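Asks: To start, I am sharing the structure in question, which I have written as structure tokens.
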Amino acid sequence: MKKIIIYYFSGTGNTWWLATGLQAQLKLKGHSVDCYSIETLAIEDLTQQAAAADHIILGFPVYGSTAPGPMLDFINLFPDSHTTQGISIFATQALASGDTAYEIGLKFIRKGYDLKQTRHFRMMNNLHLPKFRFYKPKNDARVDKLLEQNRPLVSKFAAAISADCTHIIGNNPLGHLLGNLQRKHIDRLIASASKELKTDASRCTLCGTCQRICPTGNIELSGDSVRFYDQCALCLRCYSQCPTAAILLGEGSEDEKKFPRYKGPGKDFNVDLLIQKK
Ligand SMILES: Cc1cc2nc3c(=O)[nH]c(=O)nc-3n(C[C@H](O)[C@H](O)[C@H](O)COP(=O)(O)O)c2cc1C
Ligand code: SF4
Ligand code: SF4
């Protein structure tokens, strides 16, 4: 039996679904598995907690072939391994992520970990904005189909971790080419898209949901308006989960038919699952 810890960040639920599914599969194999959202983790416990694990797993959504800002900050704080612990990295993606998981894995090799697995899982896209067009997120049976397709892959991933296998994807010329191309532009794209955050006052009911769920503390209700600061990671949680689609990200985004909001992995998904403290 191994002691395994999963740390994940999820903007709109896909990576949460993968992380909790992986936890369940690993538990079935007899391992002791803790699963933490990096948003709700007490960071002062991290060094002791990570040192006690035999195997660490990191999961996040791909943002332009790298990890979201909050996950990159978390990785910077992550302690070195003095016992060459195993680590596995997985990323959820809408279409393509080049060498993302491997590129993040390199950071852990430099910290003394033994990189065992890198994996990418295709999930529903959550990103389709006027200035950042990808493909429209769907909130129908196509989400369930993707989840069904991923179940056996999650199970295989758990089996490989359990058996201590090494399986690295993304470390090839094509992966690096796509990864490097995307990484060149992603910070600028995120900064410019997040500057467009605003609310449609005629739709906003001042319910406070956006302030409550934002992982970076970027939103504040003040008086009868909603203020955005400059800490947005473009996770799209507020944009997707505002009950009245009052949060806008660019001209035209008020049209929900053209710019549908992604409601998460399946009809039972509830955004509170992303912010619950363990
Ligand atoms: C800012 C941003 C950048 C993204 N970049 C990519 C990308 O480069 N390739 C890709 O396939 N998906 C990309 N996506 C889509 C997400 O990675 C994908 O939908 C993911 O499963 C969302 O996970 P989450 O629900 O856990 O946040 C991007 C999403 C966002 C918000
Ligand atoms: S979640 Fe939407 S409706 Fe609620 S306060 Fe935020 S912008 Fe307004
Ligand atoms: S402001 Fe919205 S998109 Fe930006 S980090 Fe907060 S919840 Fe995510």
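The values are calculated or read from the model by the stated rules, or taken from the named source; none is laboratory data. Just so we're clear, the structure is a prediction, and the values are computed from it rather than from any experiment. Here the Cβ is made from the backbone with ideal geometry for all residues, glycine too, and neighbour counts use every protein chain on show. To get the accessible areas, we keep the full protein, side chains included, count just its heavy atoms, and leave off ligands, DNA and RNA. Shrake-Rupley method; radii C 1.70, N 1.55, O 1.52, S 1.80 Å.
Asks: Within the group ILE6, ILE43, ILE38, which residue is open to solvent by less than 40 Å² (accessible area, probe 1.4 Å), free of Cβ contacts under 8 Å to residues at least 40 places away in the same chain and among the aliphatic types (A, V, I, L, M)? So that I can check it myself, show each step before the final result.
Replies: Working: ILE6 fails: free of Cβ contacts under 8 Å to residues at least 40 places away in the same chain; ILE43 fails: open to solvent by less than 40 Å² (accessible area, probe 1.4 Å).
Checking each option against the conditions leaves just ILE38.
Asks: While we're looking at this one, here's another question. Check whether at least one residue in region 11-28 is on the phi < 0 side of the Ramachandran plot and part of a strand (DSSP E or B), and report yes or no. If you could, list the steps in order and put the result at the bottom.
Replies: Our first condition is that a residue be on the phi < 0 side of the Ramachandran plot; within region 11-28, this holds for 11-12, 14-28.
Now narrow it down to the ones that are part of a strand (DSSP E or B): none.
Checked against the condition, which is being on the phi < 0 side of the Ramachandran plot and part of a strand (DSSP E or B), region 11-28 yields no hits at all.
Asks: Here are ASP268, ASP200: which of them is modelled with pLDDT of 95 or more, under 26 Å from LYS138 (Cβ atoms), more than 11 Å from ligand 3 (Cβ to nearest atom) and surrounded by fewer than 17 Cβ atoms within 10 Å (Cβ to Cβ)? Before you say what the answer is, go through the steps one by one.
Replies: Values: ASP268 fails: modelled with pLDDT of 95 or more.
ASP200 is the lone residue from the list that is modelled with pLDDT of 95 or more, under 26 Å from LYS138 (Cβ atoms), more than 11 Å from ligand 3 (Cβ to nearest atom) and surrounded by fewer than 17 Cβ atoms within 10 Å (Cβ to Cβ).
Asks: Just one of LEU72, LEU28 is open to solvent by 20 Å² or more (accessible area, probe 1.4 Å), within 16 Å of ligand 3 (Cβ to nearest atom) and at pLDDT 95 or above; which is it?
Replies: Numbers: LEU28 fails: within 16 Å of ligand 3 (Cβ to nearest atom).
From the options LEU72, LEU28, the qualifying one is LEU72.
Asks: Sort out which residues of region 121-146 are surrounded by 22 or more Cβ atoms within 10 Å (Cβ to Cβ), touching a strand residue (DSSP E or B) at 6+ places or on another chain (Cβ under 6 Å) and of a type outside the set (Phe, Trp, Tyr), and write them in order of number.
Replies: Within region 121-146, just MET123 meets the criteria.
Asks: Next up: Can you pull out the residues in region 217-232 that are outside any strand (DSSP E or B) and buried (at least 19 other Cβ atoms within 10 Å of the Cβ)?
Replies: Here is the first cut: in region 217-232, the ones outside any strand (DSSP E or B) are 217-218, 223-224, 229-232.
ASN218, CYS232, listed by residue number.
Asks: What is the number of the single condition among (1) hydrophobic (A, V, I, L, M, F, W, C); (2) assigned to a loop (DSSP other than H, G, I, E, B); (3) open to solvent by less than 30 Å² (accessible area, probe 1.4 Å) that ALA96 does not meet?
Replies: Checking ALA96 against (1) hydrophobic (A, V, I, L, M, F, W, C); (2) assigned to a loop (DSSP other than H, G, I, E, B); (3) open to solvent by less than 30 Å² (accessible area, probe 1.4 Å), the one that fails is (3).
Asks: Another question, then. Do we have GLY250 as more than 14 Å from ligand 2 (Cβ to nearest atom) and either open to solvent by less than 40 Å² (accessible area, probe 1.4 Å) or under 20 Å from ASN125 (Cβ atoms) (or both) here? Lay out the reasoning, then the answer.
Replies: Working: more than 14 Å from ligand 2 (Cβ to nearest atom): yes; either open to solvent by less than 40 Å² (accessible area, probe 1.4 Å) or under 20 Å from ASN125 (Cβ atoms) (or both): yes.
Answer is yes for this residue.
Asks: Here's something else I'd like to know. Take THR47 and tell me if it is within 14 Å of the chain's Cα centre (by Cα) and not in a loop (DSSP other than H, G, I, E, B). Talk me through it step by step, then tell me what you get.
Replies: Working: within 14 Å of the chain's Cα centre (by Cα): no; not in a loop (DSSP other than H, G, I, E, B): yes.
So THR47 does not fit the description; no.
Asks: Right, another one. Of all residues being part of a loop (DSSP other than H, G, I, E, B) and in contact (Cβ under 8 Å) with a residue 12 or more places away in the chain in region 160-179, which is farthest from ligand 1 (Cβ to nearest atom)? Just the residue, please. So that I can check it myself, show each step before the final result.
Replies: Of region 160-179, the ones part of a loop (DSSP other than H, G, I, E, B) are 163-166, 168-172.
So of that shortlist, the ones also in contact (Cβ under 8 Å) with a residue 12 or more places away in the chain come out as 164-166, 168-172.
Values: ASP164: 27, CYS165: 24, THR166: 24, ILE168: 19, ILE169: 14, GLY170: 13, ASN171: 18, ASN172: 17 Å.
Going through the qualifying residues, I end up with ASP164.
Asks: Would you tally the residues in region 118-159 being in contact (Cβ under 8 Å) with a residue 60 or more places away in the chain and either in a helix (DSSP H, G or I) or within 16 Å of GLN85 (Cα to Cα) (or both)? Before the answer, list the steps.
Replies: Taking region 118-159 first, the residues in contact (Cβ under 8 Å) with a residue 60 or more places away in the chain are 121, 123-132, 136-139, 143-144, 147, 150-151, 154-155, 157-159.
Remaining after also requiring either in a helix (DSSP H, G or I) or within 16 Å of GLN85 (Cα to Cα) (or both): 143-144, 147, 150-151, 154-155, 157-159.
Final tally of qualifying residues: 10.
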